[in-house]
Amino acid sequence: MGDLADSIITELRQKFDRHPVWVWYDAQEKYKGVLDEVEAALDDVTLARYDGSYFELKRRLHEEDPNYEKNWLFYIPESRNDARWFRDVHALGRQYRVGQDIDDTPVTQFLVEHDEEIPDAYEDWGQNREVQRLAFFCVLFDTAGPETDDWVRAYLSNPEEYRETIEDNAMADAWDAQLREGYGVTAGLDPKELATQLLFGEVASRAPTSRYDELAADDTRAAAAFCDEWQQYTPAEFTRYAQKIAEDYDLAKAVIDSDRIHWDTTAFKGIDMGLIRLVMKRLAGETYADLPDIAADLQQTVTERQDSFWSNEDLVDWSVPVLAVETLQRVGTIDADEAKTLSSAELAQKYTSDDGWWQVDAAYRQYVNATRKATFPYPNETTVKKRVTKHYMSFLQGVNRPLADILSDDPTLGTSQTSFYDEFADLDNGTAIIICDGLRYELAEAIKQNLGRRTDFEQDLGAVSAALPSITEVGMAAHLPGELGLSLEDDLVVTSGGEEMAGKSDRVERLSAAGFEVVDMDEVSSISLEDLTETDPVPRVVYSGTIDKLGESLDDDAAFSQVASHVDDVERTVQRLKQAGYTRFVITSDHGFLYTDRLSDDLKVESPDLAPVVKRRFAAADNDTPLVDTDKFIEVGSDALSDLGINAPGLKLLFPRSVACFKAQGGNMQYFHGGISLQELLVPCLTVTTGETEESASISYDVSTPDPITNSIISVEIEAKSGQVAFDPAPILEIRANIDDEPVADPVTMEVSPGTNSERVRLKQGAISGESSVQFEVIDTDTRETITRKTVELDLLFGDDDMGFDV
């Protein structure tokens with residue numbers, strides 16, 4: 001063994017020139033016979049042999065060389081994995097492998113040079129070609145084990161760099177073998193072909209067509225699983241490859257030609273575009289009466305597609321077809337014939353139950369909002385909108401026409417709004433009543449849902465029957481202490497406790513006299529949190545006229561699409577007042593509203609000529625005013641009004657049936673209130689109980705984000721500093737990303753502990769493409785206060801210029 005010993009001695013002398021401690025693992029004891037020669041030749045090296053006790057080796061090292069100043073060679077006749085009790089000593093040095101036992105190839109030289117990066121499981125790479133292959137790719141792609149998915153994602157992110165290393169070390173065949181074993185891919189080092197086979201493998205696995213099978217990886221399931229993770233971990237890279245490859249194939253046409261709605265594949269944007277065309281085509285072309293049933297068939301597809309990759313990245317907008325389908329499907333669940341058999345109380349219950357008819361109104365409002373915001377020109381959009389709106393109008397008429405027949409004799413839908421003060425007003429400290437002009441029931445449900453997602457507040461939502469007519473002057477006066485009165489002079493006169501309520505100032509004066517402090521919602525928003533917390537939580541009434549102002553001033557879908565923004569305003573007000581010590585909130589309204597298509601002529605009713613007051617949704621006259629007998633409107637006399645707690649001697653109110661309007665000058669042509677629909681009459685009363693606010697030490701936050709941003713998935717770090725060792729309760733912060741006040745990422749919440757806290761935010765590619773900066777906002781979910789707001793530059797590439805290969 002002379003030549004082998006000489007070779008080992010020469011190698012070791014070179015290695016000890018670089019480092020003083022080396023560990024030599026020899027599980028098969030192949031080199032045990034040369035140890036004496038090595039020890040004799042290396043007189044400046046201490047050769048310590050393992051004889052069954054690692055403790056003895058460690059003791060010898062610490063006694064003979066406590067400061068680690070000498071050269072040591074530890075010979076361990078075990079594998080590195082079995083020598084785990086020696087890892088602390090190994091950490092001081094390097095691992096020695098016999099060079100003569102390794103073939104002189106580029107890959108072996110690569111692995112020798114990267115010896116410390118080789119995972120422990122592959123320490124014997126020199127003795128097995130398969131282990132050598134895995135060791136090479138683990139080092140190249142920096143993984144602890146054989147993670148083929150990670151290797152391929154890394155390769156596709158920078159193919160030129162990795163390809164050069166693979167070719168220089170003669171590992172191209174090994175890479176090809178890895179791809180064949182993992183996915184049945186035959187692309188070799190061609191990144192575009194590799195991505196093509198994987199993407200179409202996902203299509204072949206999940207699409208109802210064999211059209212692209214010849215392009216697909218053989219193992220389509222493995223390819224599909226890879227694409228799922230590719231979308232999740234490196235969405236920008238996935239998008240660039242998919243969009244570039246899709247240029248050669250018309251995926252949308254393939255979907256349309258198939259005439260199949262159920263496609264589960266998400267590899268290409270064109271699949272979504274084709275499905276959107278098919279959905280809109282069906283909604284525009286199928287028999288009108290069958291649309292609710294068609295929508296029920298489409299619901300699963302549109303819902304799943306809205307929650308899939310291209311939609312989540314804001315590169316495809318499914319909102320319009322999704323909400324069209326949801327509106328139609330919900331309309332289809334309403335039994336108009338059943339509505340004809342119900343009492344007024346039963347109609348109210350049908351509307352306000354957890355799964356009630358209010359959901360139809362919410363879906364239609366969201367649909368209109370989506371059509372307003374859409375930037376994508378949907379096929380057949382105008383036709384579909386007309387059909388959806390027509391079905392919604394049929395729903396309104398179907399549930400409200402029976403109501404008109406009942407209300408002339410009994411105008412109550414349950415507890416009257418005039419009992420609000422006695423039922424809900426509380427002069428104890430900590431009570432705040434929030435009165436929103438025009439907050440209809442479905443919007444109160446939205447407030448309840450938002451608070452439920454973000455807080456553990458106790459909530460109870462019910463409805464009261466609006467005072468008639470359902471207009472601001474009457475509904476606002478119904479909240480006041482004292483009897484509500486109506487009389488007729490030149491116009492309708494509203495009184496409370498015998499005092500005329502000519503406007504808001506009269507109502508404020510009356511509430512102030514009763515012991516309430518009255519403010520506008522805007523005032524609450526403008527008061528600093530410090531000032532709020534220093535004031536006593538005196539009984540307070542907060543007014544907001546946002547919704548009604550929008551409806552009255554904008555005669556198109558713009559108003560309707562904006563009313564939902566008021567939901568956030570109300571939630572913010574609750575959270576801010578909670579910090580001032582308020583623990584009980586009552587959120588209510590003066591009336592609801594109808595939002596309809598512009599009324600057709602058959603829904604425009606001739607005004608009662610002799611009625612001195614005529615509005616679009618009601619008229620008022622003295623009891624003895626002669627009127628033409630007609631079934632176009634109903635009369636509610638003073639006796640019926642008294643059932644609502646309204647003192648109106650000698651007065652009768654006239655209301656068009658269902659959603660019809662009187663022909664009257666002025667007023668909005670789509671936004672209505674004052675009448676007798678469920679949407680106008682069922683006034684929400686949402687009671688929120690928050691519990692006492694716990695005092696805690698002040699916390700300061702330092703928020704940091706990458707600047708500039710070079711990846712669509714970023715880490716936001718928040719350093720929380722306080723005198724507290726721990727936070728109890730832990731603050732919960734919400735991270736938002738916006739451009740021009742529009743969200744470009746789903747909000748992320750973070751429960752904060754003292755020290756550094758980190759959370760990932762995923763920016764939506766479609767929303768940030770072409771933009772130069774994004775604004776991050778961190779909000780305390782308990783106070784709704786903005787902790788920080790910072791603008792960060794964007795430096796991302798969402799194009800084809802950096803594909804890393806020639807196309």
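The values are calculated or read from the model by the stated rules, or taken from the named source; none is laboratory data. Since we're looking at a predicted model, the values are computed, not measured. Heads up, the Cβs are rebuilt from the backbone with ideal geometry, glycines too, and the neighbour counts pull from every protein chain shown.
Candidates are the residues of the stretch 244-271 that are among the hydrophobic types (A, V, I, L, M, F, W, C) and in a loop (DSSP other than H, G, I, E, B); the one that is surrounded by the most Cβ atoms within 10 Å (Cβ to Cβ) is 267. If you go through the stretch 460-484 and pick out every residue that is assigned to a strand (DSSP E or B) and either touching a Pro at 6+ places or on another chain (Cβ under 9 Å) or surrounded by fewer than 17 Cβ atoms within 10 Å (Cβ to Cβ) (or both), you end up with 6. A single entry from 242, 236 fulfils the requirement of being closer than 14 Å to residue 313 by Cβ, at pLDDT below 95 and assigned by TED's automatic domain parsing to the domain that holds residue 181: 236.
Residues of the stretch 712-741 that are in a loop (DSSP other than H, G, I, E, B) and surrounded by fewer than 15 Cβ atoms within 10 Å (Cβ to Cβ): 723, 724, 725, 726, 728, 729, 730, 740, 741. Within the stretch 173-192, if we keep just the residues that are assigned to a helix (DSSP H, G or I) and of a type in the set (A, V, I, L, M, F, W, C), the residue that is nearest to residue 215 (Cα to Cα) turns out to be 179.
Residue by residue through the stretch 742-790, note down the ones that are assigned to a strand (DSSP E or B) and β-branched (Val, Ile, Thr).
Initial filter on the stretch 742-790 (assigned to a strand (DSSP E or B)): 742-743, 745, 748-751, 755-763, 773-780, 786-790.
748, 749, 756, 761, 774, 778, 779, 786, 787, 788, listed by residue number.
Taking (1) closer than 23 Å to residue 472 by Cβ; (2) at pLDDT 85 or above; (3) in contact with a helix residue (DSSP H, G or I) (Cβ under 9 Å, 6 or more places away or on another chain); (4) not in a loop (DSSP other than H, G, I, E, B) in turn, residue 592 satisfies each apart from (4).
Scoring residue 79 on the criteria (1) closer than 27 Å to residue 228 by Cβ; (2) in contact (Cβ under 8 Å) with a residue 24 or more places away in the chain leaves a single failure, condition (1).
Among the residues of the stretch 531-563, those that are modelled with pLDDT of 70 or more and within 17 Å of residue 672 (Cα to Cα) comprise 545, 546, 563.
Only a single item in (1) in a helix (DSSP H, G or I); (2) in the same structural domain as residue 463 (by TED's automatic domain parsing) is not met by residue 363, and it is number (2). Scanning the stretch 722-744 for residues that are closer than 16 Å to residue 794 by Cα and touching a Phe, Trp or Tyr at 6+ places or on another chain (Cβ under 9 Å) yields 736, 737, 738.
Looking across the stretch 419-446 at every residue that is in a helix (DSSP H, G or I) and out of contact with any His (no Cβ under 9 Å at 6 or more places or on another chain), the one that is surrounded by the fewest Cβ atoms within 10 Å (Cβ to Cβ) is identified as 422. Listed by first and then second residue, the pairs with beta-carbon distance under 6 Å, at least 6 apart or on different chains, first residue in the stretch 535-550 and within 14 Å of residue 435 (Cα to Cα) and of a type in the set (Phe, Trp, Tyr), second in a strand (DSSP E or B) and modelled with pLDDT of 90 or more, are 543/435; 543/520.
Number of residues in the stretch 485-505 that are in a helix (DSSP H, G or I) and at pLDDT 95 or above equals 0. For the stretch 288-320, residues that are closer than 16 Å to residue 263 by Cα and out of contact with any Ser or Thr (no Cβ under 9 Å at 6 or more places or on another chain) total 9.
Does residue 241 fit the bill of being closer than 28 Å to residue 158 by Cα, in contact (Cβ under 8 Å) with a residue 12 or more places away in the chain, of a type in the set (Phe, Trp, Tyr) and not in a helix (DSSP H, G or I)? Criteria not met by residue 241.
Taken as a whole, the structure leaves residue 440 outside the set of residues that are at pLDDT below 90 and either farther than 30 Å from residue 635 by Cα or in contact with a helix residue (DSSP H, G or I) (Cβ under 8 Å, 6 or more places away or on another chain) (or both). Hey, any hits in the stretch 377-388 for a residue that's hydrophobic (A, V, I, L, M, F, W, C), assigned to a loop (DSSP other than H, G, I, E, B) and surrounded by 20 or more Cβ atoms within 10 Å (Cβ to Cβ)? No, because not a single residue in the stretch 377-388 is hydrophobic (A, V, I, L, M, F, W, C), assigned to a loop (DSSP other than H, G, I, E, B) and surrounded by 20 or more Cβ atoms within 10 Å (Cβ to Cβ).
Selection within the stretch 590-642: residues that are among the β-branched types (Val, Ile, Thr) and more than 22 Å from residue 406 (Cβ to Cβ). The member of this set that is nearest to the chain's Cα centre (by Cα) is 614.
Might you check whether a residue that is among the hydroxyl-bearing types (Ser, Thr, Tyr), surrounded by fewer than 23 Cβ atoms within 10 Å (Cβ to Cβ) and in contact with a Phe, Trp or Tyr (Cβ under 7 Å, 6 or more places away or on another chain) occurs anywhere in the stretch 347-367? Yes; the residues of the stretch 347-367 include at least one that is among the hydroxyl-bearing types (Ser, Thr, Tyr), surrounded by fewer than 23 Cβ atoms within 10 Å (Cβ to Cβ) and in contact with a Phe, Trp or Tyr (Cβ under 7 Å, 6 or more places away or on another chain). The set of residues from the stretch 511-549 being in contact with a helix residue (DSSP H, G or I) (Cβ under 9 Å, 6 or more places away or on another chain), assigned to a helix (DSSP H, G or I) and surrounded by 18 or more Cβ atoms within 10 Å (Cβ to Cβ) comprises 521, 524, 532, 546, 547, 548. All conditions in (1) surrounded by fewer than 14 Cβ atoms within 10 Å (Cβ to Cβ); (2) small (Gly, Ala, Ser); (3) under 23 Å from residue 186 (Cβ atoms) hold for residue 157, with the sole exception of (1). Given the condition under 20 Å from residue 766 (Cα atoms), modelled with pLDDT under 95 and of a type outside the set (A, V, I, L, M), answer yes or no: does some residue in the stretch 342-357 qualify? Within the stretch 342-357 (the criterion being under 20 Å from residue 766 (Cα atoms), modelled with pLDDT under 95 and of a type outside the set (A, V, I, L, M)), the answer is no, since none of the residues qualifies.
Going by what's in this entry, would residue 135 be described as in contact (Cβ under 8 Å) with a residue 40 or more places away in the chain, more than 34 Å from the chain's Cα centre (by Cα) and not assigned by TED's automatic domain parsing to the domain that holds residue 91? No. For the stretch 187-216, the set of residues classified as in contact (Cβ under 8 Å) with a residue 24 or more places away in the chain and surrounded by fewer than 17 Cβ atoms within 10 Å (Cβ to Cβ) consists of 190, 208, 209, 211, listed by residue number. Cβ separations smaller than 8 Å between residues 6+ apart or across chains give the following pairs from the stretch 84-111 residues that are over 18 Å from residue 19 (Cα atoms) and among the aliphatic types (A, V, I, L, M) to residues that are surrounded by fewer than 17 Cβ atoms within 10 Å (Cβ to Cβ) and modelled with pLDDT of 85 or more: 107/170. Any chance you could count how many residues in the stretch 636-661 are touching a Lys or Arg at 6+ places or on another chain (Cβ under 6 Å) and modelled with pLDDT of 90 or more? Residues in the stretch 636-661 being touching a Lys or Arg at 6+ places or on another chain (Cβ under 6 Å) and modelled with pLDDT of 90 or more: 2 in total.
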